[in-house]
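Asker: Before anything else, here's the structure in question.
Laboratory data are not the source of any read-out in this text; all were calculated from the coordinates shown. Note that the structure is predicted; figures quoted are calculated from it, not measured.
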Amino acid sequence: MASQPRRGGVSLPERRGAKSGETSSGVIARLRGSPIVLRGRQAACDASFVAKKLLKSTGKAAWIAGTTFLVLVVPLIIQMDREQQLNELELQQASLLGTPSQPPK
């Protein structure tokens, strides 16, 4: 301890399972380069690409369906509701005036 003074930093002890010349990064590097891992990585990349494309096209289809509904169906629903209210008002007026009510056409 007194022979060489330390100059900053912390020295870590050797790993228990590490053999000379073989480190854990070497094992990881060999696994990373194996054909099975490479094929799995390529499959994951392909799956993510397809999922992104599917989400993009699904979003476009939802946008088209939503705007079509707003432009074509909502005005139809509003008009049908107005007609229903008008028929109910006519029936109510007819019952108040005492005239026989006609069934709605």
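Asker: Enumerate the calculated ³J(HN,Hα) couplings along the range 49-63 in order (Karplus 6.51 cos²θ - 1.76 cosθ + 1.60, θ = phi - 60°), each rounded to whole Hz, writing x wherever the residue is Gly or Pro.
Answerer: 4, 5, 5, 5, 4, 5, 5, 5, 5, 5, x, 5, 5, 5, 5
Asker: Report the Cα centroid-to-centroid distance between the range 48-68 and the range 27-47 in angstrom, as an integer.
Answerer: So the two Cα centres are separated by 30 Å.
Asker: Report, in cubic angstrom per residue, the convex hull volume of the C-alpha atoms of the range 38-90. Walk me through the numbers on the way to the answer.
Answerer: Working: hull volume 2.8 nm³, N = 53.
Spread over its residues, the Cα hull of the range 38-90 gives 53 Å³ apiece.
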